[in-house]
Structures are given as C-alpha cells and as structure tokens.
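See structure below.
The values are calculated or read from the model by the stated rules, or taken from the named source; none is laboratory data. This structure is a prediction, so every number in the text was calculated from the model and none was measured. Neighbour counts are summed over all protein chains in view; Cβ atoms, including those assigned to glycine, are modelled from backbone coordinates with ideal geometry. Note: areas computed on protein heavy atoms with side chains; ligands, DNA, RNA excluded. Shrake-Rupley method; radii C 1.70, N 1.55, O 1.52, S 1.80 Å.
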Amino acid sequence: MDSFISKIRSLDAYPKINEDFYSRTLSGGVITLASSIIMTLLFISELRLYLHAATETKLVVDTSRGETLRINFDITFPAIPCSILSVDAMDISGEQHLDIRHDIIKKRIDVLGNVIETRKEGIGSPTIDRPLQRHGGRLEHNETYCGSCYGAEGSDDHCCNTCEDVREAYRKKGWALTNPDEIDQCKREGFLEKIKEEEGEGCNMYGFLEVNKVAGNFHFAPGKSFQQSNVHVHDLLTFQKDSYNISHNVNRLSYGEYFPGVVNPLDGVTWTQETPHGMYQYFIKVVPTVYTDVSGHTIQSNQFSVTEHFKGADFGRFQSIPGVFFFYDLSPIKVTFTEQHVSFLHFLTNVCAIVGGVFTVSGILDSFIYHGQKAIKKKMELGKFS
C-alpha cells in the first residue's frame, strides 16, 4: 500500500516548495493585486455574456410562397381633410384594393393637431327626406327606396341609396363625378357642404393592410380612384379644389410584427410641401426576417430600407396624382436572428482560460521584473552599473 501511494506521489506535476524558500517582493505584490483585479473584471464580463442570450445572424434564400404581407401604418396629413382622403393598394400581379376602409381608422384633427372626431367612414350617415326614386318620383309611404345611379347601374335591380353608393358606381364605371350637386343623394346629404366644413382640417389615418407578398405599392391621395384606359386615376373634380397640400408625418410604418432590435427608418419622419402640386414617393426594399427567441418562439416579420423622391407638377397642372406613394419590393434574401444561451461548458472553459492566462502572463512579468532587479543589483555591487 505504501509503495502504491509513493508511486501516485511521484506523479505529482505540482511539486510544493517549502515556505522557507519563498521570497516575497513589492513588485510581486503589485502584479498579484493587478492580475486579481483583471481576472475579476474578465470573469464578470464572461458571466454577463453567459447570463444574457447571444443573437446569431444568418442569411438564407427566401423560399416562401403564397404568403401575405402585413403593412402597419400611422400617418398624419395636417392639410388634407379626412372626407377626401383615401388609401389604395395594388401589386404587380394585377390585384387592386381601391378606397380601402376595413381595418382603417380616420381621425379628424385641427390645425393644432387636436382630435375633432374619430370615424371609420369617410363622410358620415345620410339624412334622407323623401328622396328621389330611381323611377323619377319621390319616395312615398309603404314604398321601398331605390335611388338612381344616374346611368352607372351595374344591373336592372341596382340601387344607389346614398351619395357614396353613386360615387362607388361611378368609380366602377371609370367615370368622374364632376358635380355632386346634380346628384340628389349627394345634395340631400350635404356632400360639398361637409367638405367645406372640414376645410383647413387635417387627418390622421392609421391601421393595417394585408397584401400579397409581391412587389407593389400603396398610396394616400385625395379623391376616389378608378381605372380609365388601364390608367389609375383619382376623381379630383368632385372636390372643386385647385391644389392639395400633401405634407405629412409618418408616425409609424412597419412591415410585419415587431421584434426586439428592429429599426423602422420612417418612424417619426416629417415632410413639408413647399410647391402647390406634386407627388411624394418612397421606394422601399423589404427584407424578410425571422426572429427566434431563447424559448423557441418564432416571429415572422420584415425589415426595410428606403429612399425618397418628390415629383413636382409643371405649369400648375396635375401631371401626376397628388399624394404620398409607398413603392415596395421584396428582397430574395431572408435574415434569421436566433437567440441562444452560451453552454455551461463553454462558460467554464472561458473562465479557466481567463484564470490560467492571466496567472501565466503575471508569472512571466513578475519573473522578468524580479530577475531584472536582481541583475541590476548585482552589477551595482560590482560597480559596473552606471
């Protein structure tokens, strides 16, 4: 047994030195104190990295198909009333959504930005008192109301009971409504009077759009939109105005859900129009993004970059639709962010490397200083040091 213990003792790679042979120096004490502080700081830094999740970023080809793109927006127009402002969306596949109203809220605001009214519809509820029937007479008792569409009927039993119904029928036909006062429904609802009442007001429009995940655009512009000879136009004659101030403030614009660390470059952007007419354009490159947190929860979202351009009108005419246009295209590259904790073994390895590395470097530095001082002292004793 004693021989076995002796053999084990002979394998000791850390032979001990008797304390009588230790020589403690001032420089060694200073180096020990400094190395202890450095080791403590590096250990705290490594511990923080271990306790907090690290984010790994990868770039992959986006192979998703048939998905939709959610666009969240909150935009304020200080000089365009809510009653004439509309939003349209269209994409390169040919799909169009004109005068979108679902999932969108409008807030009438005054010149100071105070909210006057919040509503979903553009003009309000009609007030009808013996309106004109489609057959030409006035509405009588026990008779069902069916208003005329003034030539824009889609079928024999098509009725236009409100001014909005007539405007929508005209839009589908690709016609402009030049004089609302000639339309019985619009005249009785006070269409032009309500627009004049909102003169000088602004509009805050917020909500979201669900569009196909292909390149396209959505835009905010005055008037109802329709197709005329395969050209997208807006009916501006209805409002009898010469110019439109499309100054705007983008309070929020994002593509998809929020995820930690996302930066939306248009949030808080303000633009003021200095010319009578024009179109403001944003060209956006959307980058699909997948974020996975430490618990494994995945968020499918997007990031984007943007450039801007203002297109003015010449000679005081509307060479282009006055409005704010957001043209977006999709990147074929998807970015993935994955949160993950450093393993305990990796943390332990780094701690050992810190302790061992600092201890070794400190020993080398102490040995260099000790032997240097010793050599200088010896030369001084021999009188060779000058």
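Considered as a group, the residues in segment 153-185 that are of a type in the set (Ser, Thr, Tyr) and out of contact with any helix residue (DSSP H, G or I) (no Cβ under 7 Å at 6 or more places or on another chain) include one that is farthest from HIS97 (Cα to Cα), and that residue is SER155.
Those residues that are part of a loop (DSSP other than H, G, I, E, B) and closer than 25 Å to ILE195 by Cβ, I need them from segment 93-112; list them, please. Walk me through it before giving the result.
Step one: of segment 93-112, the residues part of a loop (DSSP other than H, G, I, E, B) are 93-95, 98-103, 110-112.
Of everything in segment 93-112, those that are part of a loop (DSSP other than H, G, I, E, B) and closer than 25 Å to ILE195 by Cβ turn out to be LEU98, ASP99, ILE100, ARG101, HIS102, ASP103, ASP110, VAL111, LEU112.
Go through segment 145-167 and count every residue that is in contact with a strand residue (DSSP E or B) (Cβ under 8 Å, 6 or more places away or on another chain) and without any contact (Cβ under 8 Å) to a residue 60 or more places away in the chain.
Filtering segment 145-167 down to residues in contact with a strand residue (DSSP E or B) (Cβ under 8 Å, 6 or more places away or on another chain) leaves 147-148, 167.
From the residues that got through so far, the ones that are without any contact (Cβ under 8 Å) to a residue 60 or more places away in the chain too are 147-148.
Matching residues across segment 145-167 total 2.
Before we move on, is THR298 hydroxyl-bearing (Ser, Thr, Tyr), over 26 Å from ILE92 (Cβ atoms) and at pLDDT 90 or above?
Details: hydroxyl-bearing (Ser, Thr, Tyr): yes; over 26 Å from ILE92 (Cβ atoms): yes; at pLDDT 90 or above: yes.
Here the answer is yes, as THR298 does meet what is asked.
Scanning segment 198-228 for residues that are open to solvent by 20 Å² or more (accessible area, probe 1.4 Å), modelled with pLDDT under 90 and in a strand (DSSP E or B) gives GLN227, GLN228. When SER86, SER36, SER64 are checked against the criterion of being under 30 Å from LEU253 (Cβ atoms), out of contact with any Phe, Trp or Tyr (no Cβ under 9 Å at 6 or more places or on another chain) and of a type in the set (Ser, Thr, Tyr), a single residue qualifies: SER64. Can you find a residue that is surrounded by 11 or more Cβ atoms within 10 Å (Cβ to Cβ), more than 22 Å from GLU56 (Cβ to Cβ) and within 27 Å of the chain's Cα centre (by Cα) anywhere in segment 352-361? Scanning segment 352-361 turns up no residue that is surrounded by 11 or more Cβ atoms within 10 Å (Cβ to Cβ), more than 22 Å from GLU56 (Cβ to Cβ) and within 27 Å of the chain's Cα centre (by Cα).
Restricted to segment 350-386, and to residues that are small (Gly, Ala, Ser) and part of a helix (DSSP H, G or I), which residue is nearest to PHE43 (Cα to Cα)? That would be ALA353.
How many residues, within segment 181-197, are outside any helix (DSSP H, G or I) and surrounded by fewer than 19 Cβ atoms within 10 Å (Cβ to Cβ)? Can you show your working first?
The initial filter retains those residues of segment 181-197 that are outside any helix (DSSP H, G or I), namely 183, 190.
Among the residues that remain, those that are also surrounded by fewer than 19 Cβ atoms within 10 Å (Cβ to Cβ) are: 190.
Residues meeting the conditions: 1.
Kindly indicate the residue of segment 59-92 that is touching a residue at least 12 places away in the same chain (Cβ under 8 Å) and either among the hydroxyl-bearing types (Ser, Thr, Tyr) or part of a helix (DSSP H, G or I) (or both) and also most open to solvent (accessible area, probe 1.4 Å) among those meeting that condition. Only one residue tops the list, namely THR68. Just to be sure before I move on: is GLY312 on the phi > 0 side of the Ramachandran plot, out of contact with any helix residue (DSSP H, G or I) (no Cβ under 8 Å at 6 or more places or on another chain) and modelled with pLDDT under 90 in the structure I sent? In short, no.
So for segment 180-194 (the condition being touching a residue at least 12 places away in the same chain (Cβ under 8 Å) and among the basic types (Lys, Arg)), does at least one residue qualify? The answer is yes; a qualifying residue exists.
For every residue, the table says whether it meets (1) at pLDDT 80 or above; (2) touching a Ser or Thr at 6+ places or on another chain (Cβ under 9 Å); (3) open to solvent by 20 Å² or more (accessible area, probe 1.4 Å); (4) over 20 Å from HIS219 (Cα atoms).
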{"site": "VAL111", "(1), (2), (3), (4)": "yes, no, yes, yes"}
{"site": "ILE116", "(1), (2), (3), (4)": "yes, no, yes, yes"}
{"site": "LEU132", "(1), (2), (3), (4)": "no, yes, yes, yes"}
{"site": "ASP157", "(1), (2), (3), (4)": "no, no, yes, yes"}
{"site": "ASN179", "(1), (2), (3), (4)": "no, yes, yes, yes"}
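Looking at segment 267-349, the strands (runs of 3 or more DSSP E) lying wholly inside it that each contain 2 or more residues that are open to solvent by less than 20 Å² (accessible area, probe 1.4 Å) sit at 278-292, 298-312, 323-330.
Looking only at segment 237-266, count every residue that is in a strand (DSSP E or B) and over 30 Å from GLU56 (Cα atoms) and tell me the total. Lay out the reasoning, then the answer.
Within segment 237-266, the first condition is being in a strand (DSSP E or B), and the residues that meet it are 248-256.
From what's left, over 30 Å from GLU56 (Cα atoms): 248-251.
Number of matching residues: 4.
Residues in segment 332-346 include at least one that is out of contact with any Leu (no Cβ under 8 Å at 6 or more places or on another chain), under 30 Å from HIS309 (Cα atoms) and not basic (Lys, Arg).
Which one is modelled with the highest pLDDT, of the residues in segment 26-58 that are surrounded by 13 or more Cβ atoms within 10 Å (Cβ to Cβ) and outside any helix (DSSP H, G or I)? Among them, the one singled out is THR55.
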